[in-house]
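**Student:** Sharing a structure below in C-alpha coordinates format, with a few things to ask.
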Amino acid sequence: MTRAGFVTEAIAAKVREQFGTPCYVYDRAGLEAAARTALAFPAPYGFTLRYAMKANPSLGILRLFRDLGLHIDASSDYEVERALRAGFEPARIQLTSQMPSRRLAEHVSRGVLFNACSLHQLEQYGKTAPGGSVSVRVNAGLGSGGINRTNTGGPASSFGIWHEHLDEALAIAKRHHVAIDRLHTHIGSGSDPEVWKRVARMTLDIAARMPDVTIMNMGGGYKVARMDGEQATDLTADVGEHVRQELIAFREREGRALAMEIEPGTYLVANNGAVVATIIDVVDTGADGYRFAKLDTGMTEVTRPSLYGAQHPITVMTARDQREQVVFTGPCCESGDILTPAPGDPEALAPRLVTAPQIGDLVVVGGAGAYCAAMSTINYNSYPQAPEAMLERDGSLTLLRRRQSLEQVWQNEVV
Ligand SMILES: *Cc1c(COP(=O)(O)O)cnc(C)c1O
(Lines give C-alpha, C1' and ligand atoms only; values in the text may rest on other atoms or scores of the structure.)
Protein backbone atom coordinates (compact mmCIF):
# COMPACT_ATOMS: atom_id res chain seq x y z
CA MET A 1 0.00 0.00 0.00
CA THR A 2 1.50 3.35 -1.04
CA ARG A 3 1.72 5.97 1.66
CA ALA A 4 2.76 9.64 1.70
CA GLY A 5 3.26 10.78 5.29
CA PHE A 6 -0.14 10.61 6.99
CA VAL A 7 -1.95 10.10 3.65
CA THR A 8 -2.49 6.46 2.67
CA GLU A 9 -3.71 5.37 -0.74
CA ALA A 10 -7.17 4.79 0.77
CA ILE A 11 -7.31 8.27 2.35
CA ALA A 12 -6.19 9.94 -0.90
CA ALA A 13 -8.89 8.05 -2.80
CA LYS A 14 -11.50 9.07 -0.24
CA VAL A 15 -10.47 12.73 -0.46
CA ARG A 16 -10.85 12.65 -4.24
CA GLU A 17 -14.18 10.87 -4.03
CA GLN A 18 -15.67 13.24 -1.43
CA PHE A 19 -14.21 16.61 -2.45
CA GLY A 20 -12.49 16.22 -5.82
CA THR A 21 -8.92 17.30 -6.56
CA PRO A 22 -6.95 19.35 -5.89
CA CYS A 23 -7.81 19.33 -2.18
CA TYR A 24 -5.81 20.19 0.93
CA VAL A 25 -5.99 17.64 3.72
CA TYR A 26 -4.74 18.16 7.29
CA ASP A 27 -4.06 15.60 10.02
CA ARG A 28 -5.73 16.30 13.36
CA ALA A 29 -3.60 13.76 15.25
CA GLY A 30 -0.37 15.20 13.84
CA LEU A 31 -1.38 18.81 14.53
CA GLU A 32 -2.21 17.97 18.14
CA ALA A 33 1.01 16.01 18.61
CA ALA A 34 3.13 18.90 17.27
CA ALA A 35 1.36 21.38 19.57
CA ARG A 36 1.90 19.14 22.61
CA THR A 37 5.60 18.80 21.82
CA ALA A 38 5.98 22.56 21.51
CA LEU A 39 4.02 23.09 24.74
CA ALA A 40 6.72 21.05 26.50
CA PHE A 41 9.35 23.73 25.73
CA PRO A 42 11.51 23.71 28.87
CA ALA A 43 11.29 27.38 29.86
CA PRO A 44 12.17 27.78 33.55
CA TYR A 45 10.13 30.91 34.41
CA GLY A 46 6.90 30.60 32.46
CA PHE A 47 6.06 29.84 28.85
CA THR A 48 3.55 30.91 26.20
CA LEU A 49 3.12 29.18 22.84
CA ARG A 50 1.82 31.44 20.09
CA TYR A 51 0.71 29.95 16.79
CA ALA A 52 1.97 32.13 13.92
CA MET A 53 -1.37 31.96 12.15
CA LYS A 54 -0.14 33.34 8.84
CA ALA A 55 1.22 29.82 8.18
CA ASN A 56 -2.35 28.55 7.94
CA PRO A 57 -5.29 30.64 9.19
CA SER A 58 -8.03 28.11 8.39
CA LEU A 59 -10.80 28.26 11.00
CA GLY A 60 -10.62 24.51 11.66
CA ILE A 61 -6.92 24.72 12.46
CA LEU A 62 -7.27 27.86 14.58
CA ARG A 63 -10.00 26.19 16.68
CA LEU A 64 -7.90 23.07 17.14
CA PHE A 65 -4.99 25.13 18.53
CA ARG A 66 -7.33 27.33 20.58
CA ASP A 67 -8.72 24.24 22.30
CA LEU A 68 -5.17 23.16 23.19
CA GLY A 69 -4.54 26.51 24.90
CA LEU A 70 -2.27 28.12 22.32
CA HIS A 71 -2.08 31.90 21.90
CA ILE A 72 -1.81 33.74 18.56
CA ASP A 73 0.79 35.69 16.64
CA ALA A 74 -1.20 37.76 14.12
CA SER A 75 0.53 39.41 11.13
CA SER A 76 -2.10 42.02 10.27
CA ASP A 77 -5.22 43.73 11.58
CA TYR A 78 -7.15 41.25 9.44
CA GLU A 79 -5.54 38.28 11.13
CA VAL A 80 -6.50 39.76 14.53
CA GLU A 81 -10.12 39.70 13.33
CA ARG A 82 -9.81 36.13 12.10
CA ALA A 83 -8.35 35.00 15.43
CA LEU A 84 -11.18 36.74 17.34
CA ARG A 85 -13.72 35.06 15.07
CA ALA A 86 -12.10 31.69 15.85
CA GLY A 87 -12.78 32.36 19.52
CA PHE A 88 -9.38 33.44 20.83
CA GLU A 89 -9.59 35.84 23.77
CA PRO A 90 -8.18 39.27 22.84
CA ALA A 91 -5.47 38.97 25.52
CA ARG A 92 -4.20 35.83 23.81
CA ILE A 93 -3.60 37.62 20.51
CA GLN A 94 -0.50 39.68 19.76
CA LEU A 95 -0.17 41.75 16.60
CA THR A 96 3.27 41.78 14.93
CA SER A 97 2.83 43.52 11.60
CA GLN A 98 4.96 45.11 8.91
CA MET A 99 1.96 47.34 8.23
CA PRO A 100 1.37 49.96 10.93
CA SER A 101 -1.98 49.07 12.49
CA ARG A 102 -5.00 51.05 11.33
CA ARG A 103 -7.05 49.83 14.26
CA LEU A 104 -4.60 50.18 17.12
CA ALA A 105 -6.97 52.09 19.43
CA GLU A 106 -9.57 49.37 18.98
CA HIS A 107 -7.05 46.60 19.65
CA VAL A 108 -5.82 48.35 22.79
CA SER A 109 -9.33 48.88 24.12
CA ARG A 110 -10.18 45.21 23.56
CA GLY A 111 -6.95 44.02 25.18
CA VAL A 112 -5.21 42.70 22.05
CA LEU A 113 -1.44 42.86 22.59
CA PHE A 114 0.82 44.93 20.38
CA ASN A 115 4.40 44.33 19.25
CA ALA A 116 5.92 47.51 17.79
CA CYS A 117 8.03 46.60 14.76
CA SER A 118 9.54 50.02 14.04
CA LEU A 119 10.17 53.34 15.82
CA HIS A 120 7.17 54.74 13.93
CA GLN A 121 4.94 51.95 15.27
CA LEU A 122 6.23 52.52 18.81
CA GLU A 123 5.48 56.23 18.53
CA GLN A 124 2.01 55.36 17.25
CA TYR A 125 1.43 53.09 20.26
CA GLY A 126 2.67 55.78 22.67
CA LYS A 127 0.25 58.32 21.24
CA THR A 128 -2.65 55.85 21.26
CA ALA A 129 -2.06 54.28 24.67
CA PRO A 130 0.08 56.56 26.88
CA GLY A 131 0.91 54.79 30.12
CA GLY A 132 0.36 51.37 28.55
CA SER A 133 2.73 48.48 28.07
CA VAL A 134 4.06 47.19 24.80
CA SER A 135 6.41 44.72 23.16
CA VAL A 136 9.12 45.76 20.72
CA ARG A 137 10.52 43.71 17.89
CA VAL A 138 14.27 44.14 17.62
CA ASN A 139 16.60 43.19 14.80
CA ALA A 140 19.56 42.02 16.88
CA GLY A 141 21.87 42.21 13.86
CA LEU A 142 21.87 38.58 12.79
CA GLY A 143 19.38 36.47 10.85
CA SER A 144 18.97 33.04 9.34
CA GLY A 145 16.42 31.52 7.01
CA GLY A 146 16.25 28.34 4.96
CA ILE A 147 16.98 30.65 2.03
CA ASN A 148 17.78 34.38 1.83
CA ARG A 149 14.19 35.22 1.01
CA THR A 150 13.03 33.84 4.36
CA ASN A 151 15.72 35.58 6.44
CA THR A 152 14.25 38.30 8.68
CA GLY A 153 17.29 39.41 10.68
CA GLY A 154 20.57 41.23 9.95
CA PRO A 155 21.25 44.43 8.01
CA ALA A 156 19.48 43.22 4.83
CA SER A 157 16.17 42.78 6.66
CA SER A 158 13.58 45.52 7.21
CA PHE A 159 11.90 43.66 10.08
CA GLY A 160 12.07 45.12 13.58
CA ILE A 161 13.94 47.99 15.22
CA TRP A 162 17.65 47.88 14.37
CA HIS A 163 19.57 47.16 17.60
CA GLU A 164 21.64 50.35 17.36
CA HIS A 165 18.42 52.38 17.63
CA LEU A 166 17.48 50.93 20.99
CA ASP A 167 18.14 54.18 22.88
CA GLU A 168 15.73 55.97 20.58
CA ALA A 169 13.09 53.32 21.30
CA LEU A 170 13.63 53.73 25.03
CA ALA A 171 13.32 57.52 24.68
CA ILE A 172 10.02 57.23 22.79
CA ALA A 173 8.68 54.88 25.47
CA LYS A 174 9.74 57.25 28.22
CA ARG A 175 8.18 60.25 26.52
CA HIS A 176 4.80 58.46 26.44
CA HIS A 177 5.20 56.78 29.86
CA VAL A 178 5.00 53.43 28.11
CA ALA A 179 6.62 50.32 29.62
CA ILE A 180 8.40 48.03 27.17
CA ASP A 181 7.76 44.84 29.07
CA ARG A 182 8.27 42.36 26.23
CA LEU A 183 11.23 41.96 23.88
CA HIS A 184 10.73 40.16 20.56
CA THR A 185 13.00 38.80 17.85
CA HIS A 186 12.18 36.59 14.88
CA ILE A 187 15.21 35.95 12.69
CA GLY A 188 13.66 33.98 9.83
CA SER A 189 11.93 30.85 8.65
CA GLY A 190 13.89 27.60 8.56
CA SER A 191 16.66 29.12 10.67
CA ASP A 192 19.95 27.44 11.47
CA PRO A 193 19.50 26.41 15.13
CA GLU A 194 23.08 27.47 15.98
CA VAL A 195 22.42 31.02 14.69
CA TRP A 196 19.11 31.00 16.58
CA LYS A 197 20.98 30.19 19.81
CA ARG A 198 23.45 33.03 19.22
CA VAL A 199 20.56 35.41 18.66
CA ALA A 200 19.01 34.22 21.94
CA ARG A 201 22.13 35.42 23.74
CA MET A 202 22.22 38.70 21.79
CA THR A 203 18.54 39.26 22.66
CA LEU A 204 19.24 38.68 26.33
CA ASP A 205 22.09 41.21 26.18
CA ILE A 206 19.55 43.70 24.81
CA ALA A 207 17.06 42.72 27.54
CA ALA A 208 19.76 43.57 30.10
CA ARG A 209 19.47 47.21 28.95
CA MET A 210 15.67 47.21 29.25
CA PRO A 211 14.69 47.10 32.91
CA ASP A 212 10.91 46.72 32.32
CA VAL A 213 11.23 43.58 30.19
CA THR A 214 9.65 40.49 31.75
CA ILE A 215 9.09 38.34 28.64
CA MET A 216 11.47 37.31 25.88
CA ASN A 217 9.77 36.21 22.65
CA MET A 218 12.08 34.48 20.16
CA GLY A 219 9.58 34.14 17.30
CA GLY A 220 9.44 31.06 15.10
CA GLY A 221 11.50 29.65 12.28
CA TYR A 222 12.06 26.10 13.59
CA LYS A 223 13.03 23.84 10.72
CA VAL A 224 11.05 20.77 9.79
CA ALA A 225 12.20 18.01 7.43
CA ARG A 226 9.78 17.95 4.50
CA MET A 227 12.10 15.88 2.31
CA ASP A 228 13.98 12.70 3.25
CA GLY A 229 17.45 13.58 4.47
CA GLU A 230 16.56 17.09 5.65
CA GLN A 231 17.48 17.91 9.23
CA ALA A 232 14.70 19.12 11.53
CA THR A 233 15.38 21.37 14.52
CA ASP A 234 14.91 19.65 17.86
CA LEU A 235 12.68 22.25 19.49
CA THR A 236 12.76 21.05 23.08
CA ALA A 237 15.93 19.01 23.73
CA ASP A 238 18.26 21.23 21.67
CA VAL A 239 16.95 24.79 21.21
CA GLY A 240 14.73 24.69 24.32
CA GLU A 241 17.38 23.27 26.60
CA HIS A 242 19.88 25.87 25.39
CA VAL A 243 17.47 28.72 26.07
CA ARG A 244 16.61 27.30 29.48
CA GLN A 245 20.26 27.53 30.51
CA GLU A 246 20.59 31.04 29.04
CA LEU A 247 17.55 32.23 31.02
CA ILE A 248 18.91 30.75 34.24
CA ALA A 249 22.30 32.40 33.62
CA PHE A 250 20.54 35.72 32.86
CA ARG A 251 18.73 35.54 36.16
CA GLU A 252 22.03 34.96 37.97
CA ARG A 253 23.67 37.89 36.14
CA GLU A 254 20.80 40.38 36.16
CA GLY A 255 18.56 39.25 39.00
CA ARG A 256 15.54 38.99 36.70
CA ALA A 257 13.59 35.86 35.74
CA LEU A 258 12.23 36.23 32.20
CA ALA A 259 9.27 34.28 30.91
CA MET A 260 9.65 32.82 27.43
CA GLU A 261 7.43 32.89 24.35
CA ILE A 262 7.87 31.25 20.96
CA GLU A 263 5.75 31.61 17.81
CA PRO A 264 6.09 28.59 15.53
CA GLY A 265 4.10 28.40 12.32
CA THR A 266 5.88 25.90 10.10
CA TYR A 267 6.80 23.61 12.99
CA LEU A 268 3.18 23.08 13.97
CA VAL A 269 1.55 22.65 10.58
CA ALA A 270 3.96 22.04 7.67
CA ASN A 271 4.13 18.25 7.72
CA ASN A 272 0.55 17.88 8.92
CA GLY A 273 -0.85 19.06 5.61
CA ALA A 274 -0.82 17.70 2.06
CA VAL A 275 -2.46 18.34 -1.28
CA VAL A 276 -4.23 15.43 -2.96
CA ALA A 277 -4.07 15.89 -6.73
CA THR A 278 -4.59 14.01 -9.99
CA ILE A 279 -2.22 13.52 -12.93
CA ILE A 280 -3.96 15.22 -15.84
CA ASP A 281 -1.39 14.62 -18.59
CA VAL A 282 2.01 13.10 -19.27
CA VAL A 283 4.24 14.52 -22.03
CA ASP A 284 7.91 14.43 -22.98
CA THR A 285 10.39 16.48 -25.00
CA GLY A 286 12.33 13.65 -26.62
CA ALA A 287 15.40 11.61 -25.79
CA ASP A 288 17.47 14.62 -24.68
CA GLY A 289 14.57 16.35 -22.98
CA TYR A 290 12.36 15.67 -20.01
CA ARG A 291 9.34 13.65 -19.06
CA PHE A 292 6.66 15.89 -17.55
CA ALA A 293 3.73 14.83 -15.41
CA LYS A 294 1.12 17.58 -15.29
CA LEU A 295 -0.96 17.81 -12.12
CA ASP A 296 -4.22 19.59 -11.41
CA THR A 297 -2.31 21.34 -8.60
CA GLY A 298 0.68 23.65 -8.82
CA MET A 299 1.45 27.28 -8.00
CA THR A 300 -2.25 27.84 -7.32
CA GLU A 301 -2.08 25.63 -4.18
CA VAL A 302 1.66 25.19 -3.51
CA THR A 303 3.46 28.36 -4.59
CA ARG A 304 6.66 27.88 -2.59
CA PRO A 305 8.51 25.86 -5.29
CA SER A 306 7.82 28.52 -7.97
CA LEU A 307 8.55 31.33 -5.56
CA TYR A 308 11.81 30.15 -4.04
CA GLY A 309 12.69 26.70 -5.23
CA ALA A 310 11.27 25.09 -2.08
CA GLN A 311 11.20 21.30 -2.08
CA HIS A 312 8.05 19.30 -1.35
CA PRO A 313 7.81 15.49 -1.43
CA ILE A 314 5.62 14.22 -4.28
CA THR A 315 4.30 10.66 -4.28
CA VAL A 316 2.47 8.85 -7.06
CA MET A 317 -0.07 6.82 -5.08
CA THR A 318 -0.27 3.84 -7.43
CA ALA A 319 1.82 0.72 -6.82
CA ARG A 320 3.75 0.05 -10.04
CA ASP A 321 7.25 -1.40 -10.50
CA GLN A 322 8.44 0.91 -13.24
CA ARG A 323 10.20 4.07 -12.10
CA GLU A 324 11.37 7.07 -14.08
CA GLN A 325 12.77 10.59 -13.83
CA VAL A 326 9.87 13.04 -13.87
CA VAL A 327 9.39 16.80 -13.72
CA PHE A 328 6.06 17.68 -12.08
CA THR A 329 4.27 20.76 -13.35
CA GLY A 330 1.05 22.52 -12.42
CA PRO A 331 -1.92 23.27 -14.70
CA CYS A 332 -1.30 26.99 -15.29
CA CYS A 333 -0.33 28.57 -18.59
CA GLU A 334 2.86 29.75 -16.92
CA SER A 335 6.28 28.18 -17.47
CA GLY A 336 7.17 28.87 -13.84
CA ASP A 337 4.37 26.58 -12.63
CA ILE A 338 6.84 23.85 -11.63
CA LEU A 339 6.57 21.68 -8.52
CA THR A 340 10.06 20.20 -8.83
CA PRO A 341 12.52 23.06 -9.35
CA ALA A 342 16.12 22.72 -8.22
CA PRO A 343 16.55 23.45 -4.49
CA GLY A 344 16.67 27.22 -4.02
CA ASP A 345 16.53 27.85 -7.79
CA PRO A 346 12.98 28.17 -9.13
CA GLU A 347 14.26 28.56 -12.70
CA ALA A 348 16.01 25.18 -12.94
CA LEU A 349 14.25 21.83 -13.40
CA ALA A 350 15.13 18.96 -11.08
CA PRO A 351 13.51 15.70 -12.22
CA ARG A 352 12.64 13.19 -9.50
CA LEU A 353 12.87 9.40 -9.69
CA VAL A 354 9.31 8.28 -8.97
CA THR A 355 6.78 5.59 -9.84
CA ALA A 356 6.12 5.99 -13.59
CA PRO A 357 3.06 8.27 -13.64
CA GLN A 358 -0.06 7.66 -15.72
CA ILE A 359 -2.98 9.94 -16.48
CA GLY A 360 -5.59 9.65 -13.72
CA ASP A 361 -3.14 8.58 -10.99
CA LEU A 362 -3.58 10.10 -7.57
CA VAL A 363 -0.60 12.15 -6.35
CA VAL A 364 0.15 13.55 -2.91
CA VAL A 365 2.21 16.72 -2.50
CA GLY A 366 3.47 16.63 1.09
CA GLY A 367 4.73 19.25 3.52
CA ALA A 368 1.83 21.47 2.43
CA GLY A 369 0.31 22.52 5.76
CA ALA A 370 2.26 25.78 6.09
CA TYR A 371 2.37 28.71 3.64
CA CYS A 372 0.42 26.80 0.97
CA ALA A 373 -3.32 27.39 1.35
CA ALA A 374 -2.30 30.62 3.10
CA MET A 375 0.08 31.87 0.42
CA SER A 376 -0.93 31.03 -3.10
CA THR A 377 -1.69 32.48 -6.50
CA ILE A 378 -5.36 31.50 -6.25
CA ASN A 379 -7.56 32.32 -9.23
CA TYR A 380 -4.66 32.55 -11.67
CA ASN A 381 -6.05 31.14 -14.92
CA SER A 382 -9.38 31.48 -13.03
CA TYR A 383 -8.90 28.15 -11.25
CA PRO A 384 -11.08 28.29 -8.14
CA GLN A 385 -9.55 28.17 -4.65
CA ALA A 386 -9.16 24.53 -3.54
CA PRO A 387 -11.11 23.05 -0.62
CA GLU A 388 -9.57 22.08 2.74
CA ALA A 389 -10.42 18.94 4.71
CA MET A 390 -9.39 17.54 8.09
CA LEU A 391 -8.48 13.89 8.55
CA GLU A 392 -10.03 12.91 11.89
CA ARG A 393 -8.62 10.34 14.29
CA ASP A 394 -11.23 7.77 13.23
CA GLY A 395 -10.20 8.08 9.57
CA SER A 396 -13.19 10.17 8.53
CA LEU A 397 -12.85 13.49 6.70
CA THR A 398 -14.37 16.80 7.76
CA LEU A 399 -14.72 19.51 5.14
CA LEU A 400 -13.17 22.74 6.53
CA ARG A 401 -13.66 24.95 3.49
CA ARG A 402 -15.60 24.32 0.29
CA ARG A 403 -14.14 24.69 -3.17
CA GLN A 404 -14.69 28.24 -4.42
CA SER A 405 -17.42 28.66 -7.01
CA LEU A 406 -16.98 30.55 -10.26
CA GLU A 407 -19.49 33.15 -8.98
CA GLN A 408 -17.21 33.75 -6.00
CA VAL A 409 -14.25 34.29 -8.33
CA TRP A 410 -16.00 37.24 -9.99
CA GLN A 411 -18.36 38.39 -7.24
CA ASN A 412 -16.60 41.71 -6.57
CA GLU A 413 -16.43 42.78 -10.19
CA VAL A 414 -18.81 45.69 -10.72
CA VAL A 415 -18.27 46.56 -14.37
C1 LIG B 1 6.18 34.12 10.23
C2 LIG B 1 6.45 34.43 11.65
C3 LIG B 1 6.59 33.40 12.58
C4 LIG B 1 6.55 31.94 12.20
O5 LIG B 1 7.59 31.54 11.37
P6 LIG B 1 7.74 30.00 10.99
O7 LIG B 1 8.98 29.95 10.16
O8 LIG B 1 6.53 29.61 10.23
O9 LIG B 1 7.87 29.24 12.26
C10 LIG B 1 6.76 33.75 13.90
N11 LIG B 1 6.82 35.04 14.28
C12 LIG B 1 6.70 36.06 13.41
C13 LIG B 1 6.76 37.45 13.89
C14 LIG B 1 6.52 35.79 12.07
O15 LIG B 1 6.41 36.80 11.21
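**Student:** Please find, among 20, 46, the residue that is on the phi > 0 side of the Ramachandran plot and either outside the structural domain of residue 389 (by TED's automatic domain parsing) or free of Cβ contacts under 8 Å to residues at least 60 places away in the same chain (or both).
**Tutor:** 46
**Student:** On the given criteria, is residue 195 away from the ligand (no atom under 16 Å from the Cβ), touching a residue at least 24 places away in the same chain (Cβ under 8 Å), surrounded by 14 or more Cβ atoms within 10 Å (Cβ to Cβ) and on the phi < 0 side of the Ramachandran plot?
**Tutor:** no
**Student:** Are any of the residues in region 281-304 closer than 30 Å to residue 49 by Cα and either out of contact with any Cys (no Cβ under 8 Å at 6 or more places or on another chain) or among the basic types (Lys, Arg) (or both)?
**Tutor:** Yes, region 281-304 contains at least one residue that is closer than 30 Å to residue 49 by Cα and either out of contact with any Cys (no Cβ under 8 Å at 6 or more places or on another chain) or among the basic types (Lys, Arg) (or both).
**Student:** I've got another one for you. Taking only region 379-402 into account, find how many residues are farther than 21 Å from residue 312 by Cβ and either outside any strand (DSSP E or B) or open to solvent by 60 Å² or more (accessible area, probe 1.4 Å) (or both).
**Tutor:** Result for region 379-402: 10.
**Student:** Within region 5-24, work out how many residues are outside any loop (DSSP other than H, G, I, E, B) and open to solvent by 10 Å² or more (accessible area, probe 1.4 Å).
**Tutor:** 10
**Student:** Among the residues of region 1-52, which ones are charged (D, E, K, R) and closer than 17 Å to residue 239 by Cβ?
**Tutor:** Hits for region 1-52 are 36, 50.
**Student:** Please specify each residue of region 87-106 satisfying the condition of being more than 18 Å from the chain's Cα centre (by Cα) and within 23 Å of residue 47 (Cα to Cα).
**Tutor:** Hits for region 87-106 are 87, 88, 89, 90, 91, 92.
**Student:** Assess whether residue 246 counts as being under 12 Å from residue 43 (Cα atoms) and out of contact with any Gly (no Cβ under 7 Å at 6 or more places or on another chain).
**Tutor:** For residue 246, the condition - under 12 Å from residue 43 (Cα atoms) and out of contact with any Gly (no Cβ under 7 Å at 6 or more places or on another chain) - is met.
**Student:** Return the residues of region 229-279 that are aromatic (Phe, Trp, Tyr) and within 22 Å of the chain's Cα centre (by Cα); say none if nothing qualifies.
**Tutor:** 267
**Student:** Which residue is farthest from residue 133 (Cα to Cα), if the candidates are limited to region 68-104 and must be among the aliphatic types (A, V, I, L, M) and exposed (fewer than 13 other Cβ atoms within 10 Å of the Cβ)?
**Tutor:** My answer is 99.
**Student:** For the list (1) under 25 Å from residue 208 (Cβ atoms); (2) under 20 Å from the mean Cα position of the chain (by Cα), I need the number of the one condition that residue 149 fails.
**Tutor:** The failed condition is (1).
**Student:** While we're here: Go through region 47-79 and give me each residue that's under 24 Å from residue 188 (Cα atoms) and more than 17 Å from the chain's Cα centre (by Cα).
**Tutor:** Correct list: 47, 48, 77.
**Student:** Can you pull out the strands (runs of 3 or more DSSP E) entirely within region 314-378 that have at least 1 residues that are open to solvent by less than 10 Å² (accessible area, probe 1.4 Å) and in contact (Cβ under 8 Å) with a residue 60 or more places away in the chain?
**Tutor:** 314-316, 362-365
**Student:** Checking residue 1 against (1) modelled with pLDDT of 95 or more; (2) open to solvent by 40 Å² or more (accessible area, probe 1.4 Å): exactly one of these is not met. Which one?
**Tutor:** (1)
**Student:** Let me ask something additional. Among the residues of region 204-245, how many are within 16 Å of the ligand (Cβ to nearest atom) and farther than 19 Å from residue 73 by Cα? Walk me through how you get there before you give the answer.
**Tutor:** Here is the first cut: in region 204-245, the residues within 16 Å of the ligand (Cβ to nearest atom) are 215-226, 230-236, 238-240, 243.
Now restrict to residues that are farther than 19 Å from residue 73 by Cα: 224-226, 230-234, 236, 238-240, 243.
Residues in region 204-245 being within 16 Å of the ligand (Cβ to nearest atom) and farther than 19 Å from residue 73 by Cα: 13 in total.
**Student:** In the set 275, 302, which member is under 30 Å from residue 12 (Cα atoms), within 16 Å of the ligand (Cβ to nearest atom) and surrounded by 23 or more Cβ atoms within 10 Å (Cβ to Cβ)? Can you show your working first?
**Tutor:** Details: 275 fails: within 16 Å of the ligand (Cβ to nearest atom).
Within the list 275, 302, the selection yields 302.
**Student:** Kindly indicate the residue of region 244-272 that is in contact (Cβ under 8 Å) with a residue 60 or more places away in the chain and among the charged types (D, E, K, R) and also most open to solvent (accessible area, probe 1.4 Å) among those meeting that condition. Please lay out each step first, then the result.
**Tutor:** Keep residues of region 244-272 that are in contact (Cβ under 8 Å) with a residue 60 or more places away in the chain, which gives 244, 247-248, 251, 257-272.
Still in the running and among the charged types (D, E, K, R): 244, 251, 261, 263.
Numbers: 244: 78, 251: 115, 261: 13, 263: 10 Å².
Among those that are in contact (Cβ under 8 Å) with a residue 60 or more places away in the chain and among the charged types (D, E, K, R), it is 251.
**Student:** Kindly indicate the residue of region 145-182 that is open to solvent by less than 70 Å² (accessible area, probe 1.4 Å), within 13 Å of the ligand (Cβ to nearest atom) and not β-branched (Val, Ile, Thr) and also modelled with the lowest pLDDT among those meeting that condition. Talk me through it step by step, then tell me what you get.
**Tutor:** The initial filter retains those residues of region 145-182 that are open to solvent by less than 70 Å² (accessible area, probe 1.4 Å), namely 145-147, 150-154, 157, 159-163, 166, 169-173, 176, 178-182.
Now narrow it down to the ones that are within 13 Å of the ligand (Cβ to nearest atom): 145-147, 150-153, 157, 159-160, 182.
Add one more test, that the residue is not β-branched (Val, Ile, Thr), and what stays is 145-146, 151, 153, 157, 159-160, 182.
Details: 145: 79, 146: 76, 151: 81, 153: 84, 157: 87, 159: 92, 160: 94, 182: 98.
Going through the qualifying residues, I end up with 146.
Residues checked against (1) touching a strand residue (DSSP E or B) at 6+ places or on another chain (Cβ under 9 Å); (2) farther than 29 Å from residue 205 by Cβ:
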{"residue": "96", "(1), (2)": "yes, no"}
{"residue": "100", "(1), (2)": "no, no"}
{"residue": "112", "(1), (2)": "yes, yes"}
{"residue": "125", "(1), (2)": "yes, no"}
{"residue": "129", "(1), (2)": "yes, no"}
{"residue": "132", "(1), (2)": "yes, no"}
{"residue": "136", "(1), (2)": "yes, no"}
{"residue": "142", "(1), (2)": "no, no"}
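The values are calculated or read from the model by the stated rules, or taken from the named source; none is laboratory data. Since the structure is predicted, the reported quantities are computational estimates derived from the model, not experimental observations. For neighbour counting, all protein chains shown are included, and Cβ atoms are generated from backbone atoms with ideal geometry for every residue, glycine included. Note: accessible area is taken over every heavy atom of the protein model, side chains too, but ligands, DNA and RNA are not part of it. Shrake-Rupley method; radii C 1.70, N 1.55, O 1.52, S 1.80 Å.
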